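Engineer: Below you will find the structure I want to go over with you.
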Amino acid sequence: MPIFQFEYEEFQNLDELNPSYQQLLTAARNACEHAHAPYSHFFVGSAVQLKNGRIVTGFNIENASYPVGICAERTALASAIAQFPDEQILALAISYQSEIHPSDRPAFPCGMCRQFISECEDRNKGEFPLILAGEKGPVVVVKTIKDLLPFYFGGKDLSK
């Protein structure tokens with residue numbers, strides 16, 4: 001039976017990251033402060049680094065009708081694409097804050113966001129790393145979302 005494996009980097013904390021990733025993760029952590037999470041109390045922030053040097057942030061916005069809410073990753077990526085449709089995405093950072101659910105585990109995207117990020121890589125015509133962290137503690141850097149979504153579905157599957 002085939003075995004799925006992938007490589008990732010793990011850093012003990014923010015200070016071990018290169019300056020660009022530090023800045024991006026800090027922006028994601030700061031975005032958590034604007035999240036609207038009155039139901040889960042799980043405030044997620046995300047930041048997208050663009051080739052033009054801009055950083056676009058997003059955060060989760062919950063709704064009493066749960067499926068209507070939107071995750072931080074999709075908010076940040078949609079904002080970046082809407083504001084800079086022709087600009088290449090270089091990296092995506094995700095973090096969270098929660099007084100009710102404190103943890104130093106990195107935040108990983110949900111399945112819906114993994115699919116969305118995968119399509120963004122396809123649109124981007126290139127992979128981009130994900131910098132994943134909790135409120136503090138270890139930081140995980142994954143080379144591409146396809147490592148977290150190995151049997152992804154994409155536009156090629158809809159071609160004739």
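The values are calculated or read from the model by the stated rules, or taken from the named source; none is laboratory data. The structure presented is a predicted model; accordingly, all values stated were derived computationally and were not measured. Please note: Cβ atoms are built from the backbone with ideal geometry, for glycine as well, and neighbour counts cover all protein chains shown.
Engineer: Check whether at least one residue in segment 110-117 is touching a Cys at 6+ places or on another chain (Cβ under 9 Å), surrounded by 17 or more Cβ atoms within 10 Å (Cβ to Cβ) and within 18 Å of PHE42 (Cβ to Cβ), and report yes or no. Don't jump to the end; show me each part of the working.
Structural biologist: Here is the first cut: in segment 110-117, the residues touching a Cys at 6+ places or on another chain (Cβ under 9 Å) are 110, 112-113, 116.
Next, from what is left, pick out any that are surrounded by 17 or more Cβ atoms within 10 Å (Cβ to Cβ): 113, 116.
Remaining after also requiring within 18 Å of PHE42 (Cβ to Cβ): 113.
Within segment 110-117, one or more residues are touching a Cys at 6+ places or on another chain (Cβ under 9 Å), surrounded by 17 or more Cβ atoms within 10 Å (Cβ to Cβ) and within 18 Å of PHE42 (Cβ to Cβ).
Engineer: Follow-up question, since we're still on this one. Tally time: how many residues in segment 138-160 are of a type in the set (A, V, I, L, M), part of a loop (DSSP other than H, G, I, E, B) and within 15 Å of ALA107 (Cα to Cα)? Lay out the reasoning, then the answer.
Structural biologist: Initially, segment 138-160 is screened for residues of a type in the set (A, V, I, L, M), giving 139-142, 145, 148-149, 158.
Retained after the next criterion (residues that are part of a loop (DSSP other than H, G, I, E, B)): 148-149.
Still in the list and also within 15 Å of ALA107 (Cα to Cα): 148.
Residues that pass the stated criteria total 1.
Engineer: Let me ask another. Of the residues that sit in segment 127-137 and are under 16 Å from the mean Cα position of the chain (by Cα) and assigned to a loop (DSSP other than H, G, I, E, B), which one is modelled with the lowest pLDDT?
Structural biologist: First pass over segment 127-137, keeping only residues under 16 Å from the mean Cα position of the chain (by Cα): 127-135.
Retained after the next criterion (residues that are assigned to a loop (DSSP other than H, G, I, E, B)): 127-129, 134-135.
Numbers: GLU127: 97, PHE128: 98, PRO129: 98, GLY134: 95, GLU135: 91.
By that ranking, first place goes to GLU135.
Engineer: Which one is surrounded by the fewest Cβ atoms within 10 Å (Cβ to Cβ), of the residues in segment 57-67 that are of a type outside the set (A, V, I, L, M, F, W, C) and in contact (Cβ under 8 Å) with a residue 12 or more places away in the chain? Break it down stepwise before answering.
Structural biologist: Filtering segment 57-67 for residues of a type outside the set (A, V, I, L, M, F, W, C) gives 57-58, 60, 62-63, 65-67.
Okay, now just the ones that are also in contact (Cβ under 8 Å) with a residue 12 or more places away in the chain, so 57-58, 60, 62, 66.
Numbers: THR57: 22, GLY58: 27, ASN60: 24, GLU62: 19, TYR66: 9.
Ranking the qualifying residues of segment 57-67, first place goes to TYR66.
Engineer: Next up: Taking the stated definitions as given, is ALA37 under 17 Å from ILE61 (Cβ atoms), aliphatic (A, V, I, L, M), surrounded by 13 or more Cβ atoms within 10 Å (Cβ to Cβ) and within 16 Å of the chain's Cα centre (by Cα)? I'd like the intermediate steps shown before the answer.
Structural biologist: On the way: under 17 Å from ILE61 (Cβ atoms): yes; aliphatic (A, V, I, L, M): yes; surrounded by 13 or more Cβ atoms within 10 Å (Cβ to Cβ): yes; within 16 Å of the chain's Cα centre (by Cα): no.
For ALA37, the condition - under 17 Å from ILE61 (Cβ atoms), aliphatic (A, V, I, L, M), surrounded by 13 or more Cβ atoms within 10 Å (Cβ to Cβ) and within 16 Å of the chain's Cα centre (by Cα) - is not met.
One line per residue, one yes/no per condition, for (1) among the hydrophobic types (A, V, I, L, M, F, W, C); (2) within 18 Å of SER98 (Cβ to Cβ):
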{"site": "GLN49", "(1), (2)": "no, no"}
{"site": "ASN60", "(1), (2)": "no, yes"}
{"site": "SER65", "(1), (2)": "no, no"}
{"site": "CYS71", "(1), (2)": "yes, yes"}
{"site": "ALA80", "(1), (2)": "yes, no"}
{"site": "GLN83", "(1), (2)": "no, no"}
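Engineer: For residues that are in a helix (DSSP H, G or I) and surrounded by 13 or more Cβ atoms within 10 Å (Cβ to Cβ), tally how many sit in segment 1-34. Even if it seems obvious, please write down each step before you answer.
Structural biologist: First, pick out the residues of segment 1-34 that are in a helix (DSSP H, G or I): 14-16, 19-34.
Checking which are surrounded by 13 or more Cβ atoms within 10 Å (Cβ to Cβ) leaves us with 14, 16, 20-32, 34.
Residues meeting the conditions: 16.
Engineer: Restrict the check to segment 53-63 and report whether at least one residue is modelled with pLDDT of 95 or more, charged (D, E, K, R) and over 13 Å from the mean Cα position of the chain (by Cα).
Structural biologist: To start, the set of residues in segment 53-63 that are modelled with pLDDT of 95 or more comprises 53-63.
Then keep just the ones that are charged (D, E, K, R); that gives 54, 62.
Add one more test, that the residue is over 13 Å from the mean Cα position of the chain (by Cα), and what stays is 54, 62.
Among the residues of segment 53-63, at least one is modelled with pLDDT of 95 or more, charged (D, E, K, R) and over 13 Å from the mean Cα position of the chain (by Cα), which makes the answer yes.
Engineer: Say whether the condition of being in a strand (DSSP E or B), without any contact (Cβ under 8 Å) to a residue 40 or more places away in the chain, buried (at least 22 other Cβ atoms within 10 Å of the Cβ) and out of contact with any Phe, Trp or Tyr (no Cβ under 6 Å at 6 or more places or on another chain) is met by at least one residue in segment 47-56.
Structural biologist: The answer is yes; a qualifying residue exists.
Engineer: For segment 131-160, give me each residue that is closer than 30 Å to ASP15 by Cα and of a type in the set (S, T, N, Q).
Structural biologist: Scanning segment 131-160 gives a single hit, THR144.
Engineer: So, of the residues in segment 68-99 that are in a helix (DSSP H, G or I) and surrounded by fewer than 17 Cβ atoms within 10 Å (Cβ to Cβ), which turns out to be modelled with the lowest pLDDT?
Structural biologist: Step one: filter segment 68-99 for residues in a helix (DSSP H, G or I), giving 68, 72-83.
Imposing the further condition that a residue be surrounded by fewer than 17 Cβ atoms within 10 Å (Cβ to Cβ) reduces the set to 68, 78-79, 82-83.
Numbers: VAL68: 94, ALA78: 98, SER79: 98, ALA82: 98, GLN83: 98.
Here the residue is VAL68.
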